[in-house]
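Below is one structure, written out as structure tokens; the observations come after it.
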Ligand code: ADP
């Protein structure tokens with residue numbers, strides 16, 4: 001599924017493995033310790049190779065971990081990308097612990113990092129909806145809101161944002177959230 005914004009900018013939703021989809025930046029759903037983990041984080045380190053963790057070791061030595069809602073940047077090792085943006089999503093604690101704003105902040109931070117670097121394409125997984133337990137429909141609404149808002153701006157250098165969703169149910173939630181936002185044809 002894809003949606004075209006003025007100027008030909010595209011928002012794409014696909015089912016798949018984010019480590020196999022070329023993009024200028026691949027977003028990782030990392031943890032605040034930046035130490036790697038399961039899920040998409042594990043897949044990114046396995047496919048990208050050890051150079052990514054070496055760079056994270058240096059970042060950790062300099063600044064400790066990464067605050068929730070923010071992201072740090074490394075190279076992409078063997079991945080089909082130039083950068084990995086390691087975004088730290090919120091752990092779902094029932095919804096009254098600022099989770100929505102923290103999740104929105106992950107997307108905004110990554111989009112800003114891409115713009116600063118003049119990138120054309122960025123890919124996202126469904127941040128926080130695996131081990132971190134964020135309800136997928138709500139997470140999808142936030143993700144689509146932030147990305148649509150960004151691509152509607154006339155001054156973006158980003159041309160394409162791709163959500164690489166790992167399973168059908170997650171894909172359906174994002175597709176529904178996008179349909180809710182997209183004007184009826
Ligand atoms: P979090 O801790 O932020 O919840 P997870 O990695 O546990 O992160 O899950 C986030 C989402 O990423 C889930 O929908 C999970 O199914 C998905 N996922 C796992 N592996 C991959 C992969 N290789 N490519 C894309 N998405 C993946």
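The values are calculated or read from the model by the stated rules, or taken from the named source; none is laboratory data. Since the structure is predicted, the reported quantities are computational estimates derived from the model, not experimental observations. Here Cβ is always computed from backbone atoms with ideal geometry, including for glycine, and neighbour counts include all displayed protein chains.
Annotations for the structure displayed:
- Residues satisfying the stated conditions in the stretch 1-38, i.e. more than 14 Å from the chain's Cα centre (by Cα), outside any loop (DSSP other than H, G, I, E, B) and more than 14 Å from the ligand (Cβ to nearest atom): 2, 3, 4, 5, 9, 10
- Looking across 79, 113, one residue alone is within 16 Å of residue 160 (Cα to Cα), surrounded by 14 or more Cβ atoms within 10 Å (Cβ to Cβ) and in contact with a strand residue (DSSP E or B) (Cβ under 7 Å, 6 or more places away or on another chain). It is 113.
- Residue check for residue 101: crowded, with 16+ Cβ neighbours inside 10 Å, away from the ligand (no atom under 11 Å from the Cβ) and either modelled with pLDDT of 95 or more or not in a loop (DSSP other than H, G, I, E, B) (or both): no
- Positions within the stretch 110-130 being assigned to a helix (DSSP H, G or I) and either without any contact (Cβ under 8 Å) to a residue 60 or more places away in the chain or near the ligand (Cβ under 9 Å from one of its atoms) (or both), in sequence order: 111, 112, 115, 116
- Within the stretch 147-168, considering residues that are surrounded by 12 or more Cβ atoms within 10 Å (Cβ to Cβ), touching a residue at least 12 places away in the same chain (Cβ under 8 Å) and part of a helix (DSSP H, G or I), the one farthest from the chain's Cα centre (by Cα): 152
- For residue 133: the one exception among (1) within 13 Å of the ligand (Cβ to nearest atom); (2) farther than 27 Å from residue 57 by Cβ; (3) surrounded by 17 or more Cβ atoms within 10 Å (Cβ to Cβ): (3)
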